[in-house]
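Structure record follows, encoded as structure tokens.
The values are calculated or read from the model by the stated rules, or taken from the named source; none is laboratory data. Just so we're clear, the structure is a prediction, and the values are computed from it rather than from any experiment. Because the Cβ atoms are built from the backbone with ideal geometry, glycine has one as well, and the counts that use them run over all protein chains shown. Areas reflect the complete protein model, heavy atoms only, side chains present, ligands, DNA and RNA absent. Shrake-Rupley method; radii C 1.70, N 1.55, O 1.52, S 1.80 Å.
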Amino acid sequence: MNVVVGISGGIAAYKAVNVVRALVLEGHDVHVIATDAALRFVGKPTLEAISRNPVNSDLYEGVAQVRHVSIGQAADLIIIAPATANTLAKLAHGLADDLLGNTVLASTAPVVVAPAMHTEMWGNQATRANVALLRSRGITIVGPASGRLTGEDVGAGRMSEPDDIVRAALAVVGGAGPDDAAAPAPASGSAAPDSADPGSADPGSGDLAGLRVLISAGGTREPLDPVRFLGNRSSGRQGVALAAAALERGASVTLLAAHLEVPVPEGVSVVHVQTAAELEEAARVHAQRADLVIMAAAVADYRPAAVAEQKIKKETAGDRVTLELVRNPDILAGLAVERRDGQVVVGFAAETAADEDELVRVGRAKLERKGCDYLVLNRVGWSLGFAAEDNAVVVVQRGGDIVMEASGSKATVAHRILDAVHPALLPRA
Ligand code: C5P
């Protein structure tokens, strides 16, 4: 596949070398377009050696080959990593004052953008509006992640890891391998829901063969300062058991992994996330192509309003500290609203209910609020649920009917959950 990697001028440009490298190692023909600012951060010889192609940067070079349009026309996929706030603004408004801007405008290939900037710039109204505009045009935004930024600051704005960017980008074009130059690559970066997943050439047999299943597992962590976070006790066991069960039944499985305490079976494609914001981003990207979405992760409902740049010290914070928390978006409810035709969306609800009646009552109301197709309910408490090997669940479907109750190992429960939701998938399986 012909992949154009656009690199703009942020410090994360050095990490773009690994994006290029990963694509080349997968056998793709990679053409780098570096802005002048990018070349201040990473050298042309490095990019040429790694991409095995000349690096393009000057709009006025190679004019005879009409390069300002030909590179974009030949591209099957465009990845821009890192995308600075300036580059996002230029893309959003269709500016073409450099080779990268011209290439994007001249191309019908999907565009995947990995922003990287300081937290304040990412949170700025102008950037928010530009990102929303790009998304509305079907451009896929990967990240940014939260973590250590340049210097001492910590927060949202760090470029996603190169492997995650490459995986998300290849998922957008349907996991095209090196020889799939003409793989279904919809215009303007929209998802390609009808093509096969990366790494799942053999869809296998089983009642989920040919289906794409997206599962979230584990618990998100919301940073307070560089060393502390607000988290929860989820181990990810039930979500990983679901991934294993779906894989066994022939599905191609992507797992959004938020701090798992258990290993993931080989064959499952894993995307690591830290915070609810990262989970939301990854879920939106990967749900575009999923037939079944199961949100088993315990997502933080709130995050600290501000992340301290330095470790909070008792010497300065005193005897009593008040944390201000802000509400996180409800990812499951958002996915349910945005789901494409025929996609089945399943949520989980862990409740500290006194008994099963209360569990079901609370669950039905939650199912209604979230707008998903099924809700898997389980009781949790100090000694119930989380790190345990076994689980006991009740599954309610839209409308409130109980469709299944199961208890046993998390593997057994996983299969019973898939059995319960299977009828909704059958018409397309
Ligand atoms: O509202 P509650 O946290 O009980 O809902 C649990 C379900 O909603 C789970 O499927 C969880 O993954 C999802 N969830 C979410 N976004 C949140 C909170 C929960 O997607 N902010």
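For this structure, a couple of remarks:
- Heavy-atom accessible surface of the chain, averaged per residue, reaches 45 Å², computed with a 1.4 Å probe.
- Its relative contact order, with pairs defined as Cα atoms under 8 Å and 6+ residues apart, puts the chain at 11 percent.
- Charge dipole (Cα centre; +1 on Lys/Arg Cβ, -1 on Asp/Glu Cβ; no other charges) of the range 343-414 amounts to roughly 320 debye.
- Most mobile of D419, D225, D29 in a GNM of the chain (Cα contacts under 10 Å): D419
- Fraction of accessible area attributable to carbon and sulfur, the chain (%, probe 1.4 Å): 51
- Among the listed pairs K366/K410; K15/K314; K44/K90; K311/K370; K15/K90, those whose Cα-Cα separation exceeds 29 Å are K15/K314; K311/K370.
- Whole-angstrom gap from the range 212-262 to the range 323-357, using each part's C-alpha centre: 15
- For the peptides 332-339, 70-77, residues were scored by their other Cβ atoms within 10 Å and the scores averaged per peptide; the highest-first order is 70-77, 332-339.
- Computed over the range 2-172, relative contact order equals 24 percent, with contacts defined as Cα pairs under 8 Å that lie 6+ residues apart.
- Coil-residue GluC sites (Glu not before Pro) of the range 252-306, DSSP, other Cβ within 10 Å capped at 14: E261, E266
- Calculated FRET value between T322 and A64, using beta carbons and R₀ = 60 Å, to 0.05: 0.35
- Of the three principal axes defined by the Cα atoms of the chain, the extents in descending order read 74, 61, 33 Å.
- Near the amide H of I80, within less than 5 Å, lie the amide hydrogens of G6, V112, V113, A114, all on another chain or at least 5 residues away, with H placed in the peptide plane.
- When each of the peptides 5-17, 47-59 is scored by the mean number of other C-beta atoms lying within 10 Å of its residues, the order from highest to lowest reads 5-17, 47-59.
- Helix content alone sets the calculated 222 nm mean residue ellipticity of the chain: runs of n ≥ 4 DSSP H residues at -39500 (n - 2.57) each, divided across all residues, give -9500 deg cm²/dmol.
- Note on the range 264-312 and the range 76-112: Cα centroid distance 26 Å, given to the nearest whole angstrom.
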